[in-house]
1. Can you confirm whether the stretch 91-100 contains a residue that is within 20 Å of the chain's Cα centre (by Cα), under 15 Å from Q337 (Cα atoms) and surrounded by 20 or more Cβ atoms within 10 Å (Cβ to Cβ)?
2. Within the stretch 311-338, work out how many residues are more than 15 Å from the chain's Cα centre (by Cα) and surrounded by fewer than 17 Cβ atoms within 10 Å (Cβ to Cβ).
3. Specify the residue that is nearest to D122 (Cα to Cα); the eligible residues are those in the stretch 138-176 that are polar (S, T, N, Q) and without any contact (Cβ under 8 Å) to a residue 24 or more places away in the chain.
4. Applying the selection to the stretch 309-324, what residues are more than 17 Å from S270 (Cα to Cα) and either touching a Ser or Thr at 6+ places or on another chain (Cβ under 7 Å) or at pLDDT 95 or above (or both)?
5. Mind checking which residues of the stretch 103-115 are more than 16 Å from P131 (Cβ to Cβ) and buried (at least 20 other Cβ atoms within 10 Å of the Cβ)?
6. When you scan the stretch 129-152, how many residues do you find that are touching a Leu at 6+ places or on another chain (Cβ under 9 Å), part of a strand (DSSP E or B) and not small (G, A, S)?
7. Could you list, in sequence order, all residues of the stretch 205-218 that are in contact (Cβ under 8 Å) with a residue 40 or more places away in the chain and at negative phi?
8. Across the stretch 325-347, which residue is modelled with the lowest pLDDT among those that are farther than 21 Å from W75 by Cα and among the hydrophobic types (A, V, I, L, M, F, W, C)?
Amino acid sequence: MEPWNGIIQTCTVLLPYVCIFVPSAFYPNPGRQLILKNTISVEQVARFTGHRAAVFALAEAGQPQTFYSADGNGWVVAWNVQDPDEGRLLAQVPSNVFSMRYLAGFGLLALGSMSGALYFIDLAQNRVIDPPIQLDKAVFCLEQCGNTLFAGTGGGLLWAINLPQLSAQQVSPICNSSIRSAHLHPNLPLLALGCSNHVIYLFNTQTRQAVPQTAFHQNSVFSVRFTPNGQYLLSGSRDAFLAIWQLQTAQTPQLQLLHSIPAHLFTINSIACPPNTGWFATASRDKTIKIWHSDNYSLLKVIDQTKTGITAHKNSVNNLLWLPHNNLLLSAGDDRQIFAWQVSGIG
């Protein structure tokens, strides 16, 4: 294997005031135009390079300062945020890696691949456990719930994997299209699933029953994310819209649409909701990352290389990851790069 070549680049980004069209979904005067005072700063603190294919997946590690990335060549790399020059190649699997999850309490890293193979890396021994668990189609999303790993596939199936035994436990048919995204509620046994049939499902992890919600999006739902307090769900789609839903739990959990925002030009690939910050972020195929206010959903910042003159992503931004120990927002893209951003000024 050739030596890993990583490059660090740091700069401070104080983006200018922005003129924002705020949709009537959350302001009563349609077409109202607001000038919002610049209240946050965004600093690019590191750039991680060395991947030779698009980076699709990011995952936390079991220790501070460290995270994992995976790409279209099947490379899985460990990084230290304090030393971006030195990425460590953990493994290479024979398929694109679309999803990845650090499994707390098991010392394992799960990899969901385009081929449908679900791989596990033993982090203590630095080896891929053989054989992988073969699922029906591409594995687009992974979520851990205690001793169970849920895997959503291109065949519309939600697989429940028994982690102590590393075996398939149960398969739940959800839809006739792909399950593209999943996120576990912070307090309830509830898994939100975004699918290619434009529908979001709420899946009870105890009863293993899924309930479809009222459809809003006009295309595949590529990202779903509960807010840290669990009261709301954010969803992003190939229709480029961001939707904010209120979770009602009086009886059967249901989602009620509160706001919709034409947030990007193209697909919203990922959403990150850091706790206690006052903001959340969206990443898109339009090459931008956008920072939004958590309370009124106003646009605060746009990270866009073509408009701000900063070093940012040149192609689709595929994934976002919040590192709580470092208070950093990570972004990964088709340009084979990973950036670390420090966002401050709210919260």
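The values are calculated or read from the model by the stated rules, or taken from the named source; none is laboratory data. What you are looking at is a predicted structure, and each value in this text was computed from that prediction instead of being measured. Heads up, the Cβs are rebuilt from the backbone with ideal geometry, glycines too, and the neighbour counts pull from every protein chain shown.
1. no
2. Total satisfying the criteria: 5.
3. Q165
4. none
5. L103, L109
6. Count: 11.
7. T205, A210, V211, Q213, T214, F216
8. I346
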